[in-house]
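Student: The structure follows.
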Amino acid sequence: MANPAPTNAADDTDPARVAPDITNTTPENQAPTFRNQDQVWPHRVIRRGDAVRPLPPHARSLADLTFEVGGVRVGLSENMARRRTAGLLILKRGEIALERYGMGNGPESRWASMSTAKSITATLVGAALHDGAIGSLDDRCEQYLPRMRGSAYEGVTIRNLLRMCSGVAWREENDADGRSEDYRLGKAMVSRRPGSVLDLLCKLPRAQPQGVVFNYSTGESCLIGALVVAATGRPLADYCAEKIWGPAGMEADGYWQLESEGGMELAGFGVSARLRDFGRFGQLVLEDGEAFSGRPVLPPGWRDLAGQPDSAPTGFGRLMPGSPAGYGYHWWAVPPLPGGVNNGAFAANGAFGQFIFVNPTEQVVIALQSAWRQPRDSDAAVENIAMIRAAVSALRTEPPS
């Protein structure tokens with residue numbers, strides 16, 4: 001069922017093996033860098049709770065799973081080696097159908113989340129709404145962050161921030177001339193200056209009315225994180241520990257990168273955690289925030305609200321040219337197909353092949369950690385989608401008696 005490879009921890013003890021820039025690594029230091037972001041960035045610990053949610057073995061093992069890509073039959077070992085997979089966990093009804101590791105990882109390895117952390121941040125909005133710390137998703141962001149008054153974000157609702165439809169200008173691509181907002185975000189991070197991220201966001205111009213155009217923005221996610229901190233009066237990592245890490249039954253502490261020593265969490269990325277704990281997060285969302293202890297931490301119906309498009313600009317096929325996906329509240333919605341096994345599913349996606357897939361209809365959660373050699377790899381993505389479809393289909397049938 002499980003295939004825990006050694007973690008090669010001895011290779012990670014030398015800080016020189018961790019690149020200072022997670023987006024600029026070599027094939028040799030990429031995995032140690034993804035494993036050890038706490039060595040190079042200030043961070044806050046996301047404390048685990050008192051009880052660990054068990055993940056028992058599922059009756060059907062997917063150890064022999066194969067799938068077809070481009071007319072060629074592929075096995076898991078070949079897929080993982082070719083796509084530099086560091087961890088693959090497949091859960092059915094909260095039970096492990098497959099758990100495998102690569103790239104020197106093992107069950108105790110923590111791995112960088114990249115943008116899958118955006119979905120954690122959005123889930124904390126749901127928790128704050130459930131707690132009453134946030135009154136309504138249609139509240140304007142400056143009600144919680146007076147600092148945004150006078151900026152292009154003044155008047156933008158929390159809902160449109162979650163949809164990434166603020167209308168505020170942002171270019172996510174890290175362009176060569178250094179003028180993109182994403183590049184400027186990186187410069188703000190490197191400065192390690194408290195408040196540098198919000199300072200950048202306050203200077204951005206308006207490009208569209210809010211609610212009209214989808215525009216993917218890591219800055220928007222950082223703003224949402226700051227809003228949750230302001231609403232709850234708690235550091236984001238502490239609130240995450242109370243509302244996600246403890247209720248989901250995480251087995252280990254996580255880390256959340258900060259913009260400066262003791263500063264704000266970088267809410268658009270920056271969470272490092274074990275593979276099983278990313279799987280437990282997906283399971284908490286699949287179960288609509290019903291903690292395994294029975295205590296709800298999200299508003300009823302949050303899963304289906306957050307996991308599917310609820311506006312024209314975020315509808316299926318509307319996000320960007322050539323993409324059939326839709327967008328919920330910081331979750332990518334899987335396009336429905338006639339008779340498709342993944343209808344109603346959604347996923348958290350992160351650079352270099354990080355993935356948390358939630359399929360409520362089939363009761364499947366898949367957590368995938370990777371070390372692609374570039375932030376986006378369309379061939380690897382197609383292969384992983386084929387693997388996920390095959391896994392969900394295989395788990396539909398009862399195991400032989």
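Student: Under the 0.36 nm per residue contour assumption, what length would be gained going from the current alpha-carbon distance of S77 and S61 to full extension?
Tutor: Length gained, S77 through S61: 4.3 nm.
Student: Right, here's the next one. Helices from the chain with mean Kyte-Doolittle at least 1.0 and a Cα length along the axis of 18 Å or more, per DSSP H: which?
Tutor: Helices passing the filter in the chain: 218-232.
Student: Taking Rh as the Kirkwood radius computed over C-alpha pairs, what is the Stokes-Einstein D of the range 169-214 at 25 °C in a medium of viscosity 0.890 mPa s, expressed in µm² per second? If you can, show how the numbers build up before the last one.
Tutor: Details: Rh = 11.6 Å.
Diffusion coefficient, whole number: 212 µm²/s.
Student: While we're here: How large is log10 I(q)/I(0) at q = 0.09 Å⁻¹ when the Debye formula is applied to the Cα atoms of the chain, each weighted equally and without solvent?
Tutor: For the chain, the Cα-only Debye profile gives -0.49.
Student: How about the range 362-401: which trypsin sites (Lys or Arg not before Pro) there lie in a loop by DSSP and see at most 15 other Cβ atoms within 10 Å?
Tutor: Listed in order of number, the matching sites are R373, R376, R396.
Student: For the range 16-67, state the semi-axes of the equivalent ellipsoid (square roots of 5 times the eigenvalues of the alpha-carbon gyration tensor), sorted largest first and rounded to whole angstrom.
Tutor: Semi-axes, largest first: 32, 22, 7 Å.
Student: Taking the Cα centre of each part, how many Å lie between the range 212-279 and the range 336-351?
Tutor: Between the Cα centre of the range 212-279 and that of the range 336-351, the gap is 24 Å.
Student: Something else now. Looking at the chain, what % of its DSSP beta bridges pair antiparallel, to the nearest 5?
Tutor: 95 percent
Student: GNM on the chain, C-alpha springs below 10 Å: top fluctuator among G353, G150, G104?
Tutor: Greatest mean-square fluctuation among the candidates belongs to G150.
Student: Ignoring solvent entirely, what values of log10 I(q)/I(0) come out of the Debye formula for the range 283-374 at 0.15 Å⁻¹ when each Cα is a single scatterer?
Tutor: Values returned for q = 0.15 Å⁻¹ are -0.62.
Student: Considering amide H positions built from the backbone, and no H for Pro or chain starts, which residues 5 or more places from I46, or on another chain, come under 5 Å of its amide H?
Tutor: G254, Y255, W256
Student: Given points 7 Å out from each Cα along the Cα-Cβ axis, report the D138 to T361 separation in nanometres with one decimal.
Tutor: 3.1 nm
Student: Rounded to the nearest 500, what is the 222 nm mean residue ellipticity of the chain from helices alone, with -39500 (n - 2.57) per DSSP H run of 4+ residues and division by all residues? Display every interim value, and only then the final one.
Tutor: Details: 11 runs with 106 residues, N = 401.
Mean residue ellipticity, 222 nm, calculated: -7500 deg cm²/dmol.
Student: Which residues does a label at E68 reach in the range 362-401, if reach means a backbone N under 18 Å from a point 7 Å past the Cα toward the Cβ?
Tutor: Residues passing the 18 Å test: 382-395.
Student: Report the chymotrypsin sites (Phe, Trp or Tyr not before Pro) located in the range 297-401 that are in a DSSP loop and have at most 16 other Cβ atoms inside 10 Å of their Cβ, or state none.
Tutor: Sparse-neighbourhood loop chymotrypsin sites (Phe, Trp or Tyr not before Pro): F316.
Readers should treat all values here as calculations from the given coordinates under stated rules, not as data from a laboratory. In this text, all values refer to a predicted model and were calculated from it rather than measured experimentally. Cβ sites come from the backbone with ideal geometry, for glycine too, and all protein chains shown count toward neighbours.
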